[in-house]
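These notes are about the structure you will find just below.
The values are calculated or read from the model by the stated rules, or taken from the named source; none is laboratory data. Fair warning: this is a prediction, and the values are worked out from it, not measured in the lab. Every residue, glycine among them, receives a Cβ derived from its backbone with ideal geometry; neighbour counts consider all protein chains shown.
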Amino acid sequence: MIEHGRPVLLRRRHAEKAATHGPSPDAGGVVTRTVHDKNGKSIGEAIVNPTLIVEVLSDTTERYDRDGKFEAYKKLPSFDEYVLVSQGERRVEVRTRQGQEWTTQVGEAGQTVRIRGREFAVSAVYE
């Protein structure tokens, strides 16, 4: 995907590779860049400037995803869209930063939600 003329990588976290420091999203839209050591040698790719973060809600993580993780993510200047996908029902919540404020859009089965400026059918998320 290309956003604002820059490549965007969709990253999905696997449970066995979960980060040990700080919250870790289920998926996100991010820009990567090559990281170099002090001698200029490439040491791999790093995720920088996350813009979109997706969380799949479960009974055990829903409260933390909605509150704790969201508060931590909001501190990232580039982060401007948070998508919460329910496992218990066909429901997608999209939180979008508009200036200093956040708006919330909720879509259920048969409805659409706007993510990154595009309409998505909630039912399609579950197919």
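Could you identify the single residue in VAL106, VAL125 that is free of Cβ contacts under 8 Å to residues at least 40 places away in the same chain and among the hydrophobic types (A, V, I, L, M, F, W, C)? Talk me through it step by step, then tell me what you get.
Details: VAL125 fails: free of Cβ contacts under 8 Å to residues at least 40 places away in the same chain.
Going through VAL106, VAL125 in turn, just one is free of Cβ contacts under 8 Å to residues at least 40 places away in the same chain and among the hydrophobic types (A, V, I, L, M, F, W, C): VAL106.
Within segment 70-88, can you find the residues that are part of a loop (DSSP other than H, G, I, E, B) and out of contact with any helix residue (DSSP H, G or I) (no Cβ under 7 Å at 6 or more places or on another chain)? LYS74, LYS75, LEU76, PRO77, SER78, ASP80, GLN87, GLY88, listed by residue number.
Scanning segment 89-127 for residues that are in a loop (DSSP other than H, G, I, E, B) and farther than 16 Å from VAL54 by Cα, we see that the one that is modelled with the lowest pLDDT is GLU127. Taken over segment 92-127, residues that are under 22 Å from TYR73 (Cβ atoms), small (Gly, Ala, Ser) and surrounded by fewer than 17 Cβ atoms within 10 Å (Cβ to Cβ) amount to 2. Beta carbons closer than 6 Å, at least 6 apart along the sequence or on distinct chains, pair a first residue in segment 61-90 that is free of Cβ contacts under 8 Å to residues at least 24 places away in the same chain with a second that is hydrophobic (A, V, I, L, M, F, W, C) and surrounded by 16 or more Cβ atoms within 10 Å (Cβ to Cβ) for ASP65/LEU57. When we screen SER86, SER78 for residues that are within 13 Å of the chain's Cα centre (by Cα) and polar (S, T, N, Q), the only hit is SER78.
Selection of segment 49-91 for residues being of a type in the set (Asp, Glu) and surrounded by 15 or more Cβ atoms within 10 Å (Cβ to Cβ) yields GLU55, GLU62, ASP65, ASP80, GLU81.
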